[in-house]
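A short write-up of the structure that comes next.
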Amino acid sequence: MADYDVTFIERDDTEARFLVRGVTPAFANGIRRAMIADVPTFSIDTVRFIENSSVMFDEQLALRLGLIPLTTPLGGEFDEDDTVTLALDVEGPETAYSGDLVSSDDMVQPAEEDVPIIDLKDGQRLELEADAVLGYGQDHAKHQGGVAVGYRHLQRVEVVGDRDEFRDDEPEIVRGVIETEGGELVPTEEFDNDLTERYPDSEVEVHDVENAFVFDVETDGSFDVDTLVQAGIDSIRGRAEELKEAVQL
Amino acid sequence: MMVPVRCFTCGNVIGGEWEEFKERAREGDEDPEEVLDELGVERHCCRRMLVSHEDLVDVVAPYQ
């Protein structure tokens, strides 16, 4: 297949924005879907309540526990449907936080420590054991590692002349990332998403650049963005190879 | 009742920001917009989760 060209525009642990050139719209969407649905994360799936005298029902608390992101190593340490047990024991008056969960495995820990689970009043107590399983986003949103994963066309802005002197003072809104004539990549937030801020005196034209997509990727904390993107791509490659083998004569 | 763990729309984890938001923007007199910006809650779907939330645990507790 053709060569790809990947340029990072912004990048930190949980958020990244990068430009991919030389992929078809279908493939770009494939990457997006793989990052959402085909990268597994740990999430609490079964909860055994030993004591719950809080104001919420067992199943309400179980739902909240399921949504707490757990760190997930994707280096092959765990297989699908592996379980890790976590325990929680908090007595009121106090708030039970996600950080109070004690995990049986050092590699699988709550990714955020300060998510309130339930506010316990005097005399109330919550004690439970929970099994976290490695599952896929296509089965339940709680297993989604990627949050708000999306892409846009890269837009090329060309100066085509001078702005009409008596023209209406209307903003020209663009979002995403633009490519200037000099080949520079500029996130539109830098000029308040308004092209008249960046090119006050020029008439400009905006065109989508073919086969160039700017991805916005965020994770819920289960792993960093690099791991998520890599795992998404690996999942596509794995399925492509499987297909190739299956249709061989 | 309790603040939702994640944003209903995008799935971003916002539960952890609630206590600081409550302390600063509800009980304190800071501008909610600025507090949300500082907390890094960017999208309006996540912002409404905190802005429109009301803690009801204290209201329900006596009826247990």
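The values are calculated or read from the model by the stated rules, or taken from the named source; none is laboratory data. Everything numeric here is computed off the predicted structure, so don't read it as measured data. A quick note on method: Cβ atoms are made from the backbone with ideal geometry, for glycine too, and the neighbour counts reach across all protein chains shown. What goes into the accessible areas is simple: the full protein's heavy atoms, side chains included, and nothing from ligands, DNA or RNA. Shrake-Rupley method; radii C 1.70, N 1.55, O 1.52, S 1.80 Å.
Mind checking whether some residue in the stretch A:207-216 is surrounded by 14 or more Cβ atoms within 10 Å (Cβ to Cβ), among the hydrophobic types (A, V, I, L, M, F, W, C) and not in a strand (DSSP E or B)? There is no residue in the stretch A:207-216 that is surrounded by 14 or more Cβ atoms within 10 Å (Cβ to Cβ), among the hydrophobic types (A, V, I, L, M, F, W, C) and not in a strand (DSSP E or B).
Filtered by the rule that a residue be open to solvent by 60 Å² or more (accessible area, probe 1.4 Å) and either in contact with a Lys or Arg (Cβ under 6 Å, 6 or more places away or on another chain) or outside any helix (DSSP H, G or I) (or both), the stretch B:8-37 gives B:F8, B:T9, B:D29, B:E30, B:D31. Scanning the stretch A:1-23 for residues that are more than 14 Å from the chain's Cα centre (by Cα), open to solvent by 70 Å² or more (accessible area, probe 1.4 Å) and over 16 Å from A:I178 (Cβ atoms) turns up A:M1, A:D3, A:Y4, A:D5, A:V6, A:F8. Looking only at the stretch B:10-45, count how many residues are closer than 30 Å to A:I36 by Cβ and under 9 Å from the mean Cα position of the chain (by Cα). Residues in the stretch B:10-45 being closer than 30 Å to A:I36 by Cβ and under 9 Å from the mean Cα position of the chain (by Cα): 8 in total. Scanning the stretch B:1-60 for residues that are under 22 Å from A:T14 (Cα atoms) and β-branched (V, I, T) yields B:V5, B:T9, B:V13, B:I14, B:V35, B:V41. The residues in the stretch B:38-64 that are part of a helix (DSSP H, G or I), out of contact with any Asp or Glu (no Cβ under 6 Å at 6 or more places or on another chain), more than 8 Å from chain A (Cβ to nearest Cβ) and touching a residue at least 12 places away in the same chain (Cβ under 8 Å) can be counted, and the count is 5.
Among the residues of the stretch A:169-181, the ones that are open to solvent by less than 80 Å² (accessible area, probe 1.4 Å), more than 13 Å from A:V204 (Cα to Cα) and not aliphatic (A, V, I, L, M) come to 1 in all.
Which residue is nearest to A:F8 (Cα to Cα), if the candidates are limited to the stretch A:190-206 and must be in a helix (DSSP H, G or I) and either within 14 Å of chain B (Cβ to nearest Cβ) or open to solvent by less than 50 Å² (accessible area, probe 1.4 Å) (or both)? For the stretch A:190-206, the residue satisfying everything is A:F191. Note on the stretch A:91-111: residues that are surrounded by fewer than 19 Cβ atoms within 10 Å (Cβ to Cβ) and within 14 Å of chain B (Cβ to nearest Cβ) amount to 6. Being farther than 22 Å from B:I14 by Cβ, among the polar types (S, T, N, Q) and touching a strand residue (DSSP E or B) at 6+ places or on another chain (Cβ under 9 Å): is that true of A:T95 here? Here the answer is no, as A:T95 does not meet what is asked.
Quick grid of which residues meet (1) at positive phi; (2) loosely packed, with under 13 Cβ neighbours inside 10 Å; (3) touching a strand residue (DSSP E or B) at 6+ places or on another chain (Cβ under 6 Å):
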position: A:A132; (1), (2), (3): no, no, yes
position: A:V147; (1), (2), (3): no, no, yes
position: A:R167; (1), (2), (3): no, yes, no
position: A:D224; (1), (2), (3): no, no, no
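Before we move on, is A:R48 surrounded by fewer than 19 Cβ atoms within 10 Å (Cβ to Cβ) and within 22 Å of A:R152 (Cβ to Cβ)? Against the criterion (surrounded by fewer than 19 Cβ atoms within 10 Å (Cβ to Cβ) and within 22 Å of A:R152 (Cβ to Cβ)), A:R48 does not qualify. Scanning the stretch A:53-86 for residues that are touching a Leu at 6+ places or on another chain (Cβ under 7 Å) and closer than 17 Å to A:I117 by Cβ yields a count of 2.
Scanning the stretch A:134-145 for residues that are within 9 Å of another protein chain (Cβ to nearest Cβ) and either touching a Cys at 6+ places or on another chain (Cβ under 8 Å) or buried (at least 22 other Cβ atoms within 10 Å of the Cβ) (or both) gives A:K142, A:Q144.
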